[in-house]
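Beneath this line is the structure, given in structure tokens, with notes to follow.
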Amino acid sequence: MKLSSLKQGRDGRLVVVSRDLTRATDAFFIVPTLQQALDDWEKVEPRLRDLAEELEHGSVPTFRFHEHDCASPLPRAYQWADGSAYVNHVDLVRKARGAEMPASFWTDPLMYQGGSDSFLAPRDPILMDDEAHGIDFEGEVAVITGDVPMGATPDEAASQIRLVVLVNDVSLRNLIPGELAKGFGFFQSKPSSALSPTAVTPDELGDAWDGRKLHLPLRSTLNGKPFGCPDAGTDMTFDFGTLISHAARTRPLAAGTVVGSGTVSNRDTDGGPGRPISEGGVGYSCIAEQRTVETLRNGSATTPFLSFGDTVRIEMKDKGGHTIFGAIEQQVVAYEREV
């Protein structure tokens with residue numbers, strides 16, 4: 001089942017979307033928003049599934065589905081907890097700012113609590129007031145949970161995964177070192193993120209979903225040119241059950257919590273940090289990784305961070321080459337505050 005929130009009000013209008021992402025049907029007579037569906041999932045989910053089957057069979061009214069009409073599936077969420085499950089990525093970005101990686105990062109997940117009050121729509125621009133902030137994209141996979149009790153084990157946590165989405169976790173690289181030096185974590189360096197046009201139930205992913213990881217390449221392009229296609233299941237040190245359990249160690253998680261994987265990152269076949277696509281590698285899911293590899297190899301980074309006018313696209317396709325979630329496609333645009 002694929003669910004989307006069309007732009008309407010603060011929390012969107014819930015629709016069920018066809019598997020090929022061409023058609024949709026309103027779900028308002030069952031439940032008006034995705035958050036309300038998650039709040040009452042056991043009761044609502046079977047009715048939404050029935051509607052999804054009727055949509056596939058053409059037995060309910062439909063309309064053309066356009067990704068540009070979508071808000072993020074959860075335009076605002078009660079919680080956005082972003083992990084860093086790909087330790088290769090952590091190692092590289094820390095090297096970029098001259099920080100050593102503690103050995104504990106291989107056994108204890110890294111996680112921060114991000115802003116979830118304003119997820120960007122998947123085709124909305126990334127508004128930024130200054131290119132000097134070091135604007136970067138980060139391609140991620142995330143899950144949306146049901147209610148997770150405090151102290152849930154990884155198995156218990158994994159059983160509460162309701163939906164899977166893609167994420168562009170926008171980062172301002174030049175603001176991060178100063179913020180972290182204060183010893184209190186990210187804030188200004190982590191503006192609003194964007195979610196994919198649709199959120200899908202795990203069964204839609206077939207054998208690519210093993211219950212805790214998604215084993216498919218995450219594809220990103222920059223200004224139409226391939227930038228990365230690392231596999232989301234490869235080199236994922238901490239699976240989603242572990243990440244959710246980590247987040248719930250000392251607090252319950254409310255239905256609608258979004259838990260991110262962190263930037264999808266693969267090591268090279270020789271164990272190295274990875275190669276760009278132009279050199280036969282799988283590339284990267286953020287610019288910071290490519291810049292770090294350039295610095296390690298050549299002594300300096302040559303790939304610039306994002307500038308006004310640049311466009312990023314993040315997408316995942318099934319083994320048959322069909323898009324699963326729809327695409328996050330965003331242009332960086334200069335922010336002008338309305339007076």
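What is the one condition in (1) within 18 Å of residue 143 (Cα to Cα); (2) β-branched (Val, Ile, Thr); (3) surrounded by fewer than 17 Cβ atoms within 10 Å (Cβ to Cβ) that residue 250 does not satisfy?
With (1) within 18 Å of residue 143 (Cα to Cα); (2) β-branched (Val, Ile, Thr); (3) surrounded by fewer than 17 Cβ atoms within 10 Å (Cβ to Cβ) applied to residue 250, the lone miss is (1).
Given 321, 326, which one is at positive phi, part of a loop (DSSP other than H, G, I, E, B) and free of Cβ contacts under 8 Å to residues at least 60 places away in the same chain?
Among 321, 326, only 321 is at positive phi, part of a loop (DSSP other than H, G, I, E, B) and free of Cβ contacts under 8 Å to residues at least 60 places away in the same chain.
Pick from 291, 313: which is within 30 Å of residue 23 (Cα to Cα), modelled with pLDDT of 90 or more and open to solvent by 60 Å² or more (accessible area, probe 1.4 Å)?
Exactly one residue qualifies, and that residue is 313.
Under the condition of being open to solvent by less than 30 Å² (accessible area, probe 1.4 Å) and without any contact (Cβ under 8 Å) to a residue 60 or more places away in the chain, which residue from the range 34-59 is farthest from residue 14 (Cα to Cα)? Lay out the reasoning, then the answer.
Within the range 34-59, the first condition is being open to solvent by less than 30 Å² (accessible area, probe 1.4 Å), and the residues that meet it are 34-35, 37-38, 41, 44, 48, 51-52, 55.
Filter once more, keeping what is without any contact (Cβ under 8 Å) to a residue 60 or more places away in the chain: 37, 44, 48, 51-52, 55.
Details: 37: 9, 44: 12, 48: 10, 51: 12, 52: 12, 55: 14 Å.
Step by step, filter the range 34-59, then rank; the result is 55.
What are the residues in the range 279-308 that are small (Gly, Ala, Ser) and not in a helix (DSSP H, G or I), if any?
280, 281, 283, 285, 299, 300, 301, 307
Suppose the filter is farther than 19 Å from residue 223 by Cα, touching a helix residue (DSSP H, G or I) at 6+ places or on another chain (Cβ under 7 Å) and in contact (Cβ under 8 Å) with a residue 12 or more places away in the chain; does residue 141 pass it?
no
Please go through the range 223-238 and give me each residue that is of a type in the set (Phe, Trp, Tyr) and either surrounded by fewer than 16 Cβ atoms within 10 Å (Cβ to Cβ) or assigned to a strand (DSSP E or B) (or both), ordered by number.
As a first pass, look at the range 223-238 and keep what is of a type in the set (Phe, Trp, Tyr): 227, 238.
Across the range 223-238, the qualifying residue is only 227.
Does residue 76 satisfy being assigned to a loop (DSSP other than H, G, I, E, B), open to solvent by 10 Å² or more (accessible area, probe 1.4 Å) and among the charged types (D, E, K, R)?
yes
Quickly run through the range 148-176 and pick out the residues that are among the charged types (D, E, K, R) and either open to solvent by less than 10 Å² (accessible area, probe 1.4 Å) or within 20 Å of the chain's Cα centre (by Cα) (or both).
Going residue by residue through the range 148-176, those that are among the charged types (D, E, K, R) are 155-156, 162, 169, 173.
If the condition is that a residue be among the charged types (D, E, K, R) and either open to solvent by less than 10 Å² (accessible area, probe 1.4 Å) or within 20 Å of the chain's Cα centre (by Cα) (or both), then 162, 169, 173 are the ones that fit.
Name the single residue that is farthest from residue 70 (Cα to Cα) among those in the range 9-31 being surrounded by fewer than 16 Cβ atoms within 10 Å (Cβ to Cβ) and without any contact (Cβ under 8 Å) to a residue 40 or more places away in the chain.
The qualifying residue farthest from residue 70 (Cα to Cα) is 29.
Could you identify the single residue in 205, 172 that is modelled with pLDDT of 95 or more and under 19 Å from residue 90 (Cα atoms)?
172
Tell me yes or no: at least one residue of the range 183-195 is touching a strand residue (DSSP E or B) at 6+ places or on another chain (Cβ under 6 Å), free of Cβ contacts under 8 Å to residues at least 60 places away in the same chain, under 25 Å from residue 330 (Cβ atoms) and surrounded by 18 or more Cβ atoms within 10 Å (Cβ to Cβ).
yes
Checking residue 264 against (1) open to solvent by 10 Å² or more (accessible area, probe 1.4 Å); (2) in a loop (DSSP other than H, G, I, E, B); (3) among the β-branched types (Val, Ile, Thr): exactly one of these is not met. Which one?
So residue 264 meets the others, but not (1).
Count, please, the residues in the range 111-133 that happen to be farther than 20 Å from residue 221 by Cβ and either in contact with an Asp or Glu (Cβ under 9 Å, 6 or more places away or on another chain) or crowded, with 18+ Cβ neighbours inside 10 Å (or both).
Result for the range 111-133: 9.
The values are calculated or read from the model by the stated rules, or taken from the named source; none is laboratory data. Because the structure is a prediction, the values reported are computed rather than measured. Cβ atoms come from the backbone with ideal geometry, glycine included; neighbour counts cover every protein chain shown. With ligands, DNA and RNA removed, areas are computed over all heavy atoms of the protein, side chains included. Shrake-Rupley method; radii C 1.70, N 1.55, O 1.52, S 1.80 Å.
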